[in-house]
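Notes follow once the structure below has been shown.
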Amino acid sequence: MFKSIVGVAKKLTSIFAVSLYLTIVASFLVLTGRIRVSPRGFARRMLASLRPPFQGDLVDFAHERGNCYVAPLGRKLISDSNGRSRLKLFEDGRELPYPHSSHDDIREFGAGRYSHWGDAVFFSSSDNSDPGKSGRRYSVREI
Amino acid sequence: MSHNGRGFLYSVLVCPTCKSPLTRNDEVLFCSKDGRRFPILRGIPRFVESDEYVDSFSFEWNTHKTTQLDTFRNDGSSEDIFRKKTGFKPEDLNGKLVLDAGIGAGRFTDVMARWGANVIGIDLSYAVEAAQENFRRLDNVLVAQADISDLPFKPETFDAIVSIGVLHHTPDTKKYFQKLVPYLRHGGTIAIWVYPAEGDFVTRKQWIPFTSRIPDRMFYEWCRWFVPFAQKRLDSLHIQSIYRIFPFSNQGLGLENDILDTFDGYSPSFHGIHTPEEVEGWFQEAELVDIRIPGPWNTSMRGIRP
């Protein structure tokens, strides 16, 4: 029992020490410009963490290619083109399964793959039907 | 002599210094010309005395012996990568004598052995222990501990040489590539992949002088904690900011693979990064022909010795 407590304490100390060391190194690498971090991107991420999450319905679907359709978001958010999107896409309230998909995969395979790219959502419906004709509701929510 | 079996593979080994044939006496290979002796420990011929600058690989491959091997994963992920990085198909290697320069735990030897190749896998690190455990039952694989700069083979020995993700961990990627070419038979193919000078590889290079100094076990424990922690929070803006400074692995091949790959990306002593033009230049300088990039990775390159 005592041995296992000592073991866990040792492990935690080790993880903390490495984290501290890496934080110091990271600060050094960023401050000396060895690793470049865009101040604009950083500010955008910080601002995004302060505002309430975006949500809304997708309208104005346009067929792109294959199974892929595009809908404008009407809002500038961090997307997969300039970071990692936090947008989830829902079909009639059910979350579609494959965010951050490549556009080729959306076009070729569809089946609910989607990508938040720039100011638009590139997506496919769960059964590859035309979302403009299926009557289903497509909504997005930032997490 | 038959082109098959462990006996044949042993016959390919020669003295690294004078290139004379070696005589096997129990667990020792002996060079009668210059008197050098090379022990066979746990079934592995040893042509080096230590793992020198690659101790992190000794650690990681003996910790993750089977994580990346298709045979144990029951998938074809490594075969898929192998095909894309080398352009080889099973019929290209079946029955051929192949050198896997930097075998590690044997991720790609596993593929080639399945395709019917006779493979000699060498590694400077004690990863050879893991590889030997994975392949001890296969007659078409021989694992040896040796340095690319001092190989125990005669020139023009191999039908094919592969070195995927290895040469950039040597002190001089180009020099070590050039060391391999003479061991290729005329008409044989060499295929390599090295880290590209772009994206996350550039960022990681900045970290190497600092992270390679952390004791392997400590850094590995940290990776075991951090990678699952970060992966569960990929949508967090803070984790995204951390990723930009400290890119961690998220390859979609499972958590164990990502822990291994993150450790692998930051712990080695050397981390060379290269442009496709640079790699192509090495192939041209080595007078290889039919030089091409076989797949989507632009620093994977193959060429034929005319």
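Based on DSSP, what percent of beta bridges with both residues in the protein assembly as shown are antiparallel, to the nearest 5?
Working: 37 of 59 bridges.
Percentage antiparallel, nearest 5: 65.
With charges only on Cβ, +1 for K and R and -1 for D and E, what is the dipole size of chain B about its Cα centre, in debye, rounded to 20?
The calculated dipole for chain B is roughly 360 debye.
What ranking do A:Val140, B:Val143 get, fewest neighbouring Cβ atoms within 10 angstrom at the top? Mind dumping the intermediate values first?
Details: A:Val140 22, B:Val143 30.
Lowest to highest Cβ neighbour count: A:Val140, B:Val143.
Mind checking the dipole of region B:1-146: about its Cα centre, +1 per Lys or Arg Cβ, -1 per Asp or Glu Cβ, Debye to the nearest 20? Don't skip to the end; give the middle numbers.
Values: 19 positive and 20 negative charges, 90 e Å.
About 440 debye.
Are any of the pairs A:Lys11/B:Lys205; B:Lys84/B:Lys154; B:Lys19/B:Lys65; B:Lys175/B:Lys205 more than 23 Å apart by Cα-Cα distance, and if so, which?
Values: A:Lys11/B:Lys205 27 Å; B:Lys84/B:Lys154 29 Å; B:Lys19/B:Lys65 32 Å; B:Lys175/B:Lys205 19 Å.
Cα-Cα > 23 Å for A:Lys11/B:Lys205; B:Lys84/B:Lys154; B:Lys19/B:Lys65; rest within.
Separation of region B:245-279 and region B:291-306 by C-alpha centroid, Å?
Taking the Cα centre of each part, region B:245-279 and region B:291-306 sit 21 Å apart.
Would you mind ranking B:His64, A:His63 so that the residue whose beta carbon has the fewest other beta carbons within 10 Å leads the list?
A:His63, B:His64
Which of the listed residues, B:Ser241, B:Pro182, B:Gln284, is farthest toward the dipole's positive end in region B:175-295, when Lys, Arg count +1 and Asp, Glu count -1 at the beta-carbon?
Highest projection toward the positive end goes to B:Ser241.
Please build a GNM for chain A, connecting alpha carbons under 10 Å apart, and tell me which residue among A:Phe61, A:Phe122, A:Phe28 fluctuates the most.
Top of the fluctuation ranking is A:Phe28.
Relative contact order for chain B using alpha-carbon pairs under 8 Å, separation at least 6, rounded to a whole percent? Intermediate results must be reported in sequence, preceding the final value.
Working: 597 pairs, mean separation 57.8, N = 306.
In percent, rounded to a whole number, it is 19.
Work the Kirkwood hydrodynamic radius out for region A:83-132: mean of 1/r over every pair of different alpha-carbon atoms, inverted, in Å. Provide the component values of the computation, followed by the final result.
Details: mean 1/r = 0.0925 Å⁻¹.
After inverting the pairwise mean of 1/r, the radius is 10.8 Å.
Over all alpha-carbon pairs of region B:169-267, lay out the pair-distance distribution in 10 Å bins, whole %, shortest bin first.
13, 38, 28, 15, 6, 0
For a footprinting-style exposure proxy, rank A:Met1, B:Met218, B:Met112 by other Cβ within 10 Å, fewest first. Could you put the intermediate results ahead of the total?
Working: A:Met1 5, B:Met218 16, B:Met112 28.
Ascending number of Cβ neighbours within 10 Å: A:Met1, B:Met218, B:Met112.
Could you grab the Rg to Rh ratio for the protein assembly as shown? Cα atoms only, Kirkwood for Rh. Intermediate results must be reported in sequence, preceding the final value.
Details: Rg = 25.4 Å, Rh = 24.6 Å.
With Rh from the inverse mean 1/r over Cα pairs, Rg/Rh is 1.03.
Find which of A:Ser102, A:Ser139, A:Asn82 sits farthest along the positive direction of the dipole of region A:81-142, computed with +1 on the beta-carbon of Lys and Arg, -1 on that of Asp and Glu, about the Cα centre.
Going by the charge dipole, the pick is A:Ser139.
Alpha carbon centre of region B:118-172 versus region B:37-116: separation in Å?
The distance from the Cα centre of region B:118-172 to that of region B:37-116 comes to 7 Å.
Quick check on chain B: of the DSSP beta bridges with both residues there, what percent are antiparallel, nearest 5%?
Antiparallel bridges make up about 45 percent of those DSSP assigns within chain B.
Given springs between every Cα pair under 10 Å in a Gaussian network model of chain A, which of A:Tyr98, A:Tyr21, A:Tyr114 has the largest fluctuation?
Maximum fluctuation in the GNM of chain A, among the listed residues, is at A:Tyr21.
The numbers here are math on the coordinates, done by the rules we state, and not lab data. Bear in mind that the values here come from a model prediction, so they are computed numbers and not experimental data. Using ideal geometry, Cβ is built from the backbone for each residue, glycine included, and neighbour counts are taken over all protein chains shown.
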